[in-house]
1. I want to confirm something. Restricting to region 40-51 and keeping residues that are hydroxyl-bearing (Ser, Thr, Tyr) and open to solvent by 20 Å² or more (accessible area, probe 1.4 Å), which single residue is farthest from residue 79 (Cα to Cα)?
2. All but one of (1) modelled with pLDDT of 90 or more; (2) touching a strand residue (DSSP E or B) at 6+ places or on another chain (Cβ under 7 Å) hold for residue 52; state the number of the condition that does not hold.
3. Being at pLDDT below 80 and open to solvent by 90 Å² or more (accessible area, probe 1.4 Å), is that true of even one residue in region 57-68?
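The values are calculated or read from the model by the stated rules, or taken from the named source; none is laboratory data. For clarity, every value in this text was computed on a predicted model and none was experimentally measured. Here Cβ is always computed from backbone atoms with ideal geometry, including for glycine, and neighbour counts include all displayed protein chains. These accessible areas exclude ligands, DNA and RNA; they are computed on the full protein's heavy atoms, side chains included. Shrake-Rupley method; radii C 1.70, N 1.55, O 1.52, S 1.80 Å.
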Amino acid sequence: RYKIFPQHKENSILIHWRYKICDWCYEFIDHYNFDREVVGVAIYYFDRYISSQSSCESVHTKAKFQIIAVTSLFLAIKIH
């Protein structure tokens, strides 16, 4: 149902951006004194969306990664 990250050049780009997104989420959470567990939930949402078959082909720009990351973090903050 969900793909593991593909084994080609886009994989390294995805991993690079995922690390940057994780760092940014922790900085944001720490700045606003939210519980750090929220970042784990946000990254879970991010990974689930990225790994879904319907989104994998359409997510390959910096702007889209950022939108998905902000949305994932917003949902995690609101739900948890």
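1. In this case the residue turns out to be 49.
2. Failing condition for residue 52: (1).
3. Scanning region 57-68 turns up at least one residue that is at pLDDT below 80 and open to solvent by 90 Å² or more (accessible area, probe 1.4 Å).
This table checks each residue for (1) open to solvent by 50 Å² or more (accessible area, probe 1.4 Å); (2) modelled with pLDDT of 95 or more.
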| position | (1), (2) |
| --- | --- |
| 4 | yes, no |
| 10 | yes, no |
| 14 | no, no |
| 33 | yes, yes |
| 38 | no, yes |
| 71 | yes, yes |
| 75 | yes, yes |
| 80 | yes, no |
